[in-house]
Each structure stands twice: as structure tokens, then as C-alpha cells.
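Take a look at the structure below.
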Amino acid sequence: MLDNLQPSPPDALLALIKLYAADSRTDKIDLGVGVYRDNDGNTPVFAAIKAAEQRLVDHQPSKSYLGPEGDMAMVNGLLPHILGDVNNTIKIDGLQTPGGTGAVRLAADTLYAAGARRIWLGTPSWPNHAPIFKAAQMEVLTYSHMDVATQSLDWDALLAALDSAQTGDVVLLHGCCHNPTGVDYSAEQWAHICAVMAQKQLFPLVDFAYHGLGQGFDADSAGLKTVLAHLPEVMIAYSCDKNFGMYRDRVGALYAVVQDQNVLTDVKSNMASLARANWSMPPDHGGAAVRIILEDAALTSMWRDEAEAMRLRMRKVRDMLAAAGQAGSVDFRPLATQNGMFSMLPLNKDQILALRNDHGVYMAGSGRINVAGLSESNIGKFVEAVGVVSG
Ligand code: LMR
């Protein structure tokens, strides 16, 4: 039986982690996988998380099962941060998932069970989006999200996609900090998109994996709030892996918003059954630490400050890159107007390989860079290397 399997290539993005680790150059630069790095290139555990974990060690009474919903106090505790003032005005329920990836997969399974068969994806997108939806039996339809050469949103392609979409199609929207381009919608564009989607009865699935890391927690929720104001049903795939620094602990949540409480109860029961069939229950440790933070005002404010410091550092790197102007054929100035951890440079495969082989600069094969991999100490070398390979 197993002889039938053809070799499956390793995930290119995750393979970069090993390639980078095996490189002995001391001045190598890691701009690959989406992990925050501080000015010294480290990815420390949040102090708020350390404090919460200590409380877990000291006081957690049991590690017996919680059930497919996971830690509901964590799931509900996130909502005021995600929704702010609209939290009490909508019918929303959710459950804990293994990271944002689990939330996206569970959303796809739930939507499929509800009859959805097609999903629209702006490309480039997170490389795992299409495989997840295909694994959930959905047909993936694509349009261009961004023109990488001009670093501008491909607005016309988006409108054309919405125009040709059929009632009941799902549209994947990045809540903020678009991965991999950093190119988000303006308030006017969100309103326009939502009006068209409402008119055509398209279903919004909002992937919200970088909340707080673009323009700040409140501003980053603005697009989602516009979706909630225009559309009667929404699903939100939320990740705590970046904004709590929980990466390997896999902390996420999937939420559904509907207009009718009975429908919400049914949706939640389906999400729980599908979670049970997928992973039975989400891992608890990270979610419990997040819950402890959210239940404690002092830890909450410590966490928000730490996330804000990450955001501001990435903004500073963007400003430094923009100040560098042009290097070879690459114009860094648009990066100051983009959001979050990623931007996508107009570099071809050979140039990206030359950056890796000749200069020890590791970035995704798509040209995506993680700006958190840069700091005052290596940005000069990076800009110069880009100039050499693209000049
Ligand atoms: C990324 O895009 O680098 C992260 O979301 C990590 C991953 O799972 O791909």
C-alpha cells in the first residue's frame, strides 16, 4: 500500500530553518519563517508568558481532558481585544484550535459541511492556505492580490474576482499584515469589498494571524469590524502564535458570527464535532498561559506592551529600509507603507539563491522577507547584498 506514495517535497519555508541552521557563516541573516526577532536576533519568550507559565506550574490542579472546545475562558478572553466595542453587540462563539493553522483548517471543514465548495484566494498568499483548503475538498480559485513589481495592491483583479464569484463562494481575507506582502486594504477598500460581498452573498473567512503587529490592536481590527458591519455571517481564524510568541505551543481560536442564536449553537456543535475528528482536543499548555494573562490586568498590560514593542521595532526596520531607498533594481520605499512581519521583494529565483549562497541572506523562495530578521547591525549588509544581486 505505502509503495504507492510518491515523494512529497518538504515545505520550502520550513526547510529554510534547517538550511539556515547548517550555514556556519557568522554574519548570515535569517529573513525566512515568520518568527519575530529582537534587535539581537533572538526570539525570547514573552515575560508575560513566563509569568503565566510559572503560575501554571505552581497552581494547575490537573491536566485531565478539557474537551474539543479547549480552554473557553481563553477563547472568550480574547474577544474584547479582537472586537473592542462591538464585542457585546454580535452573536459570536468559538473554540480553541491548534494554532491559526488549525483554525483555518477547521473553518474549511465547517464551511464544507455547510455546503461551501469554492474559496477565493488572493495570491501570493500564505503558502499553506491553498493546501489546507484543497485537503478540505474545497476548490481554490485565485486572483492577483498584489503586483510585486510595482509593490501595489491589484485592486482591479480583486474586483474582477468578486464580480465573477458565485453566491455561496467563500472569500479568504487577511485581517491585517497580509502574509506574504504586507499590503493591506484601506478603510475605503474594506467597505467597498464588504458591500460587494454582501450584495453577491459571498462568505468571508478572515484569517487574523498577526493582530496587533501592523498598526496596533485597535487599528488592526478595523477591517474585521467592517466585515462584521456589512455581512451577516463571518468566520474568524485567530492565531496567538505571533502576538503572544507562542509559535511551537500552537495557540489559536476559530470563531463564527451569525445573526440567530439557534444557528450559532448548531454551528458551534459542528465545529466541536469536526475538531474532535481532527485532533480531538487542542494542546492546553499555551492556551492556558494565554488565559492566565487575559484574566489578569497586570499581565494583560505587560503582554500588550511587549506586543507593541515588537510592532514598533518592525516599523522602525521598515523605516530604515525605506530610508535606504533603492538598491539595484529594488525600491525599498514602499515597505514603509506596508504592515506587519512580511514584505515581498521583486527578486527572481536566481537572485534569491545568490543572496543565500553568496551573501548568507535567507528568504523564502517567493521573495518574501521577514523584516524582524533585520536590525541596525545587519540592514546595511542586507541592502548592499540586494543591490549586488539585482544591480
Ligand atoms: C509563516 O508564514 O512563516 C508562518 O506562518 C509559519 C508557517 O507556519 O508557515
Subject >> HN-Hα J in Hz across region 26-40 - Karplus 6.51, -1.76, 1.60, θ = phi - 60°, x for Gly and Pro >> reply: 6, 9, 5, 10, 9, 10, x, 4, x, 10, 5, 10, 7, 4, 9
**OP:** In whole angstrom, note down how far apart the Cα centers of region 181-207 and region 22-49 are.
**Re:** 33 Å
**OP:** May I ask for the distance between the Cα centers of region 156-173 and region 358-391, given as a whole number of Å?
**Re:** 35 Å
**OP:** Sum -39500 (n - 2.57) across every DSSP H segment of at least 4 residues in the chain, then divide by the residue count to get the 222 nm mean residue ellipticity, nearest 500.
**Re:** -14000 deg cm²/dmol
Subject >> Alpha carbon convex hull of region 135-193, volume per residue in cubic angstrom >> reply: 113 Å³
Original post:
At each listed q (0.06, 0.08 Å⁻¹), what is the log10 of I(q)/I(0) that the Debye formula gives for the chain modelled as equal alpha-carbon point scatterers?
Top reply: -0.23, -0.42
**OP:** Please report, as a whole percent, how much of the solvent-accessible surface of the chain comes from carbon and sulfur atoms (probe radius 1.4 Å).
**Re:** 53 percent
Original post:
What residue among 367, 212, 84 has the largest mean-square fluctuation in a Gaussian network model of the chain, using Cα springs under 10 Å?
Top reply: 84
Original post:
Which links in 28/134; 28/316; 134/349; 28/349; 316/349 stretch past 24 Å when you go from one Cα to the other?
Top reply: 28/134; 134/349; 316/349
Original post:
Relative to the longest principal Cα axis of the chain, at what angle does helix 155-164 sit, 0 to 90 degrees, rounded to 10?
Top reply: 40 degrees
Original post:
So how tilted is helix 285-294 from the main axis of the chain? Cα-based, degrees 0 to 90, rounded to 10.
Top reply: 80 degrees
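For region 165-240, what is the convex hull (Cα atoms) projected area averaged across all directions, in square nanometres?
Working: hull surface 19.0 nm².
Taking a quarter of the hull surface, the average projection is 4.7 nm².
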Original post:
If one takes the longest principal axis of the Cα atoms in the chain, at what angle in degrees, from 0 to 90 and to the nearest 10, does the Cα axis of helix 47-59 lie?
Top reply: 40 degrees
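Given a 1.4 Å probe, how much area per residue of the chain is accessible, in Å²? Kindly include the intermediate steps, with their values, before the conclusion.
On the way: 16780 Å² over 391 residues.
Dividing the accessible area of the chain by its residue count gives 43 Å².
The values are calculated or read from the model by the stated rules, or taken from the named source; none is laboratory data. Model, not experiment: these values are computed from the prediction. For accessibility, only protein heavy atoms count, side chains too; no ligands or nucleic acids. Shrake-Rupley method; radii C 1.70, N 1.55, O 1.52, S 1.80 Å.
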